[in-house]
Amino acid sequence: MDPTEERFRALARSAPWRWRSLRFTTGRRRAGEGQAVHTVRARVRKPGRLRVEDLEGTVLHRSADPDTTEPPAVDLDTDGLLARPADEASTPRFDFEPPMYRNYHWVAMLDPYELADGRDDGTAAAGTEILDLAAVEHHGRRAWQARLRTTHRYDPRCGCCPLLFSAASEAAENHEPPPGTVFADAYLVRLDVATGVCVYSEDLGGSAAGQGHDVAIEDVDEDMPDELFGTPHSHGRRFQSYRGTGPRDVPAYRDGATPGRFTALPEQ
């Protein structure tokens, strides 16, 4: 496949159907820093299995969530892509997702449909403007790179930890940005072609220029035994489904110890 605007959006919304398990390392980059430093290795197996270690093998987190559902059966095109947004009247988009580590930014990079689809009065609409596209390599794997701008329709999974920190993401949570904030002029992102995972993001310009994340995928769909993830424990649903009608009813991810305080992005 060659990247086109239509295919890029389709790839961004197709990740739940393009992999069963992933092993990868990842790290974040602060504004003004160079290359992101990878500090954790993760193993993810659907549905709801996650193991995170430091690079020396010390386990930082593991979970097996039986409440996590599988993505529903959908019609994919001849390239194996979801060409149109899921019908949220019958398929609530928030009812299936990868397991979370620390906050929803982790979930969004594994299922980056917010780069494809926004909302306009409850109706699916493009939430980003695609300025240019290119086929590139990312850590030895095929990827599609795009330079994006958000529009007022940008609808992040969680406005507290979006893939694209912007005026639109702040408005999604009714936030006032910190004094002196200058939002990025645009955002550089990369999607892994085989899996749809957002493996790279970077603010271009603005007061946080250079911030973003980097993922190096090591293996896809390898066997991962249950013992890696510990004993399943049911914790109930973490959120209500957002069905695309009326006000957003998905609460932001918050620090449980401090009511009303939003959890910061992880320093990986």
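Note on residue 221 and residue 167: the model spin-label points, each 7 Å out from Cα along the C-beta direction, lie 4.4 nm apart.
Run the numbers for residue 136 and residue 69: contour at 0.36 nm per residue of separation, minus the present Cα-Cα distance, in nm. Write out the running numbers ahead of the final one.
Working: separation 67, 0.36 × 67 = 24.12 nm, distance 3.28 nm.
Net length gain for the segment: 20.8 nm.
Built from the Cα atoms of segment 1-135, the convex hull projects on average onto 10.1 nm², one quarter of its surface area. What is the pair-distance distribution P(r) of segment 92-162, computed from all Cα-Cα distances in 10 Å bins starting at 0, with each bin given as a whole percent? Bins of 10 Å from zero give 19, 43, 34, 4, 0 percent of pairs.
Arrange 63, 201, 169 by Cβ neighbour counts within 10 Å, fewest through most, would you?
Arranged by neighbour count, lowest to highest, 63, 201, 169 become 63, 169, 201.
Relative contact order for segment 10-93: 24 percent, from Cα pairs under 8 Å spaced at least 6 residues apart, divided by residue count.
May I ask for the distance between the Cα centers of segment 123-143 and segment 150-213, given as a whole number of Å? Centre-to-centre distance over Cα atoms comes out at 14 Å.
Any read-out appearing in this document is the output of simple, stated calculations on the displayed coordinates, not a laboratory observation. These numbers come from a predicted model, not from an experiment. Neighbour counts are summed over all protein chains in view; Cβ atoms, including those assigned to glycine, are modelled from backbone coordinates with ideal geometry.
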